[in-house]
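Colleague: Sharing a structure with you now.
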Amino acid sequence: MDIRAQISMIFHLDKCIGCHTCSVACKNIWTDRKGAEYMWWNNVETKPGTGYPQKWENQSIYKGGWERDEVGRIHLRGAGKKRGLMNIFHNPALPSIDDYYEPFTYRYLNLIEAPAGDDQPTARPVSLITGEPMDIKMGPNWDDDLGGSPDYARNDPNLEGMTPAERDAMFQLERMAFFYLPRICNHCLNPACVASCPSGAIYKRGEDGVVLINQNVCRAWRMCVTACPYKKSYYNWHTGKSEKCILCYPRMEAGYAPACMHSCVGRIRYIGVILYDADRIEAAASADQKDLVRAQTDILMDPFDEEVIASARKNGVPDSTIKAAQQSPAYKFIKVWKMALPLHPEFRTLPMLWYVPPLLPVMASVKEGDARQKDKLNPMAKTWADDWLYDTSTEELWGTVEQARFPLKYLASLFSAGDTGAVADRLKKLMAVRIYRRWKTAHDVPEAKMRQALNDTGLTEDSAEAIYYLTALAKFNDRFVIPPAHREQAMEMLEFTGDVKGSTGFGFREHPERGL
Amino acid sequence: MNLPNVFLFIGLPYIAMVIFLVGTIQRYRGKGFKVSSLSSQFLEGRALFWGVVPFHIGILMVFFGHLTAFLVPRGVLLWNGDPLRLLILQVTAFSFGLTILVGLVGLLARRFTNARVKMVTTKMDLLIELMLLAQVVLGLWTAYAYRWGSSWFAADLSPYLWSLFKLEPNIVAVSDLPLPIKLHIVNAFLIFAVFPFTRLVHVLVAPLHYLTRPYQQVIWNWDRRAVRDPESPWAPTRPKNN
């Protein structure tokens, strides 16, 4: 047993309103520099959608992540020692800037300085790369809220396993549903970017598991961009260095929350410490496809276990970190309540950002007064009187594809490597907590039904109450449980972020000038 | 032994070597951020493929060819003892030279025609590419016009280069060489002199150590056990990362 600490984030997707405040907070602090304009270390995608960069989940295009061979061992799909060095001159799987979007601005000054004339002056869009006027073809959220669905949402790689009928059902106007997927670097336990870096510039920080790129060692071999299956390592075309989300470690070392989490309007983000067993990473990463979620959950250890605590101490994990791990909202969501799932566990990088799948778009919408539908539902569904809108039953929660607005298969493709059961379990828990609270506050759910819902999902009144508290009422300190800064471990605690704004990154004094 | 020859074949190589050594060390230690291959594949990938792959394969082969002739001239002469083997060596080397030429011309054309690549092109990029182009053309010319290069390189030029390294420069052999060969040699020294100030520095950080390291890297900012041990003093130095 080799217990280490990892900072982990939970995204409660039901609460995400898609406002992009996190993205903007992140961009203002870290990526408003030349060469980084196109980078969104934090971005929010509409699902179904192709995302940013286009179709990033489709690894037959981008060759990211790990793949398992017949013997059960894992290899980097598009990089690695042999393939990486062979393709070092020209990396065939490197996305180009057009897969993201060409960054642009507008000639605003023209509005003021244009000479008098017959026409209204305009602010033409110009490329931030060449400075030449351009036609904007794409932006970081071009498919926001299902805009341009025929081109974007319908090409979502997650639709691959679904039949044409199922796909069509998703895009019927009356049934159409979507949700938002905020994404940052997953600070994986088995990071493909670290493994792919020929220079060894990328490393995982031992103290808190943040994955960082040493800007002085990066030599622009570009393998991390290919290897990261989430496409969260970006190439700065101006400085010739790769950059990625740093989980705002200078802020965290100083006791502040990461900017994306701190600015979250919907309060969907929870951040806490998790203790994991480093000895079992390889086994978990090479688990069988159907066991992936379980294997990845299993290596997260119980912070109250004496043996775990002893091993953590032996590894130099401070007591305050162990204490934070015991109060960690992340641990509760992942292990205690089993409500969170990793994003695309089949990439086998063991991502450490977990998602509570969205219940709202999945809930079946049932037309009012449809007698045929009404008969199909069990009595519990009718607790909302006769003109109900949602099927709230726990037994037949999803019904047939015709009834569900959002096929479970789709969510399973995102969060559980195709295991619909794992997603259904999580969604039923979300539902059960709602039924419990309905019983408690509105009194229109019979107690027997509430108990049945809790029993079916393995929850108790106490745990349902705790989930409700952490979901709906949690104060900032309940959502942000990071131990106070350890000065002896901090890299940047004594610096002020403003001093190095516009620089390449923290801990780096040089102005990010391009090499000769 | 006239003065220009003394300068070009004794002064210049020593000056170039000093600039090369001091310059690369200074750049690596003082401006580590600028040591990068500065790939522009992210902005343009298709034309790059047809330029960069032939260029690199060609230049690596030709470079190691020159290095072999410099290090083991006797071995090269022995190999060349058989006319067929000599012909094979010459033709192979010439083909790799042509490969460089094709790649380099492609890369230069790409620099001039692609608007995005133009934005990340510096003066030094153009300078070094033109110097390399000149070097390749001169090399091909030499190989074509003054046969058989691999033999006389091993017999005449290797001793000269060795004499430079031994600090007993002997330029008798080089002084009488035809002009294209002299230009090729002088240009080589010039390339070494500008090397530290160009993107060529990425050659020196070629990631061969990747082959020997484990895939995953975890770095503790401080010695995680020592830092918690009241008996041990604080680590006297900052950790190596960042």
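What follows draws every value from the coordinates through simple rules; no lab data is involved. None of the values given here were measured: they were computed from a predicted structure. FYI the Cβ positions are ideal-geometry reconstructions off the backbone, even for glycines, and counts take in every protein chain you see.
Colleague: At 10 °C and 1.306 mPa s, what whole-number value in µm²/s does Stokes-Einstein give for the translational diffusion of chain B, with Rh from the Kirkwood sum over Cα pairs?
Modeller: Diffusion coefficient, whole number: 76 µm²/s.
Colleague: Enumerate the lysines that A:Lys338 could reach by cross-link, defined here as Cα to Cα under 25 Å, with residues fewer than 8 away along the same chain left out.
Modeller: A:Lys15, A:Lys47, A:Lys290, A:Lys323, A:Lys409, A:Lys428, A:Lys429, A:Lys440, A:Lys449, A:Lys475
Colleague: Need one number: nm distance between label points at B:Phe49 and A:Lys137, each 7 Å from Cα along Cα→Cβ, rounded to one decimal.
Modeller: Placing both labels 7 Å beyond Cα along the Cβ direction yields 1.8 nm.
Colleague: Same structure, new question: When the expected Rg is taken as 2.2 N^0.38 Å, what fraction or multiple of it is the alpha-carbon Rg of the stretch A:261-307?
Modeller: It is 1.52.
Colleague: Taking the alpha carbon gyration tensor of the stretch A:207-248, what are the square roots of 5 times its eigenvalues, largest first, to the nearest whole Å?
Modeller: Over the Cα atoms of the stretch A:207-248, the ellipsoid semi-axes are 17, 13, 9 Å.
Colleague: Would you please report the Å³ per residue occupied by the convex hull of the alpha carbon atoms in the stretch B:1-143?
Modeller: Enclosed volume per residue, from the Cα hull, is 153 Å³.
Colleague: Return the distance in nm (one decimal) between the two label points of a simple spin-label model at B:Leu60 and A:Ala283, each offset 7 Å from Cα along Cα→Cβ.
Modeller: Roughly 4.0 nm, to one decimal.
Colleague: Also, I was wondering about something else. Please compute the average number of Cβ atoms from other chains found within 10 Å of each residue's Cβ in peptide B:189-199.
Modeller: Mean partner-chain Cβ count within 10 Å for B:189-199: 1.
Colleague: Can you tally the lysine pairs in the stretch B:3-208 where the Cα-Cα distance is under 29 Å and the two residues are eight or more apart, or on different chains?
Modeller: 6
Colleague: Determine the distance separating the Cα centre of the stretch A:233-297 from the Cα centre of the stretch B:1-74; give it in Å without decimals.
Modeller: 40 Å
Colleague: Turning to a different aspect of this structure: With a 10 Å Cβ neighbour count serving as the proxy for reagent exposure, in which order, fewest first, do B:His56, B:His202 appear?
Modeller: If I rank by nearby Cβ atoms, fewest first, I get B:His56, B:His202.
Colleague: While we're on this one: What percent of all Cα-Cα pairs in the protein assembly as shown falls in each 20 Å bin, counting up from 0?
Modeller: Percent of Cα pairs in each bin: 15, 41, 29, 12, 3, 0.
Colleague: To make sure I understand, if each residue's beta carbon is the centre and we count other beta carbons within 10 Å, what order do A:Met39, A:Met176, A:Met450, A:Met223 fall in, fewest to most? Don't jump to the answer; show the numbers that get you there.
Modeller: Details: A:Met39 25, A:Met176 16, A:Met450 21, A:Met223 32.
Ranking A:Met39, A:Met176, A:Met450, A:Met223 by Cβ neighbours within 10 Å, fewest first, gives A:Met176, A:Met450, A:Met39, A:Met223.
Colleague: Please give the charge dipole size of the stretch B:3-208, origin at the Cα centre, charges +1 on K and R Cβ atoms and -1 on D and E Cβ atoms. Round to the nearest 20 debye.
Modeller: 720 debye
Colleague: Given points 7 Å out from each Cα along the Cα-Cβ axis, report the B:Arg85 to B:His209 separation in nanometres with one decimal.
Modeller: Using points 7 Å along Cα→Cβ, the separation is 3.8 nm.
Colleague: With only alpha-carbon pairs counted, each pair once and no self-pairs, how large is the Kirkwood hydrodynamic radius of the stretch A:101-143 in angstroms?
Modeller: 11.5 Å
Colleague: Give me A:Ile202, B:Ile19 ranked fewest to most by other Cβ atoms within 10 Å of their Cβ, as a rough exposure proxy.
Modeller: B:Ile19, A:Ile202
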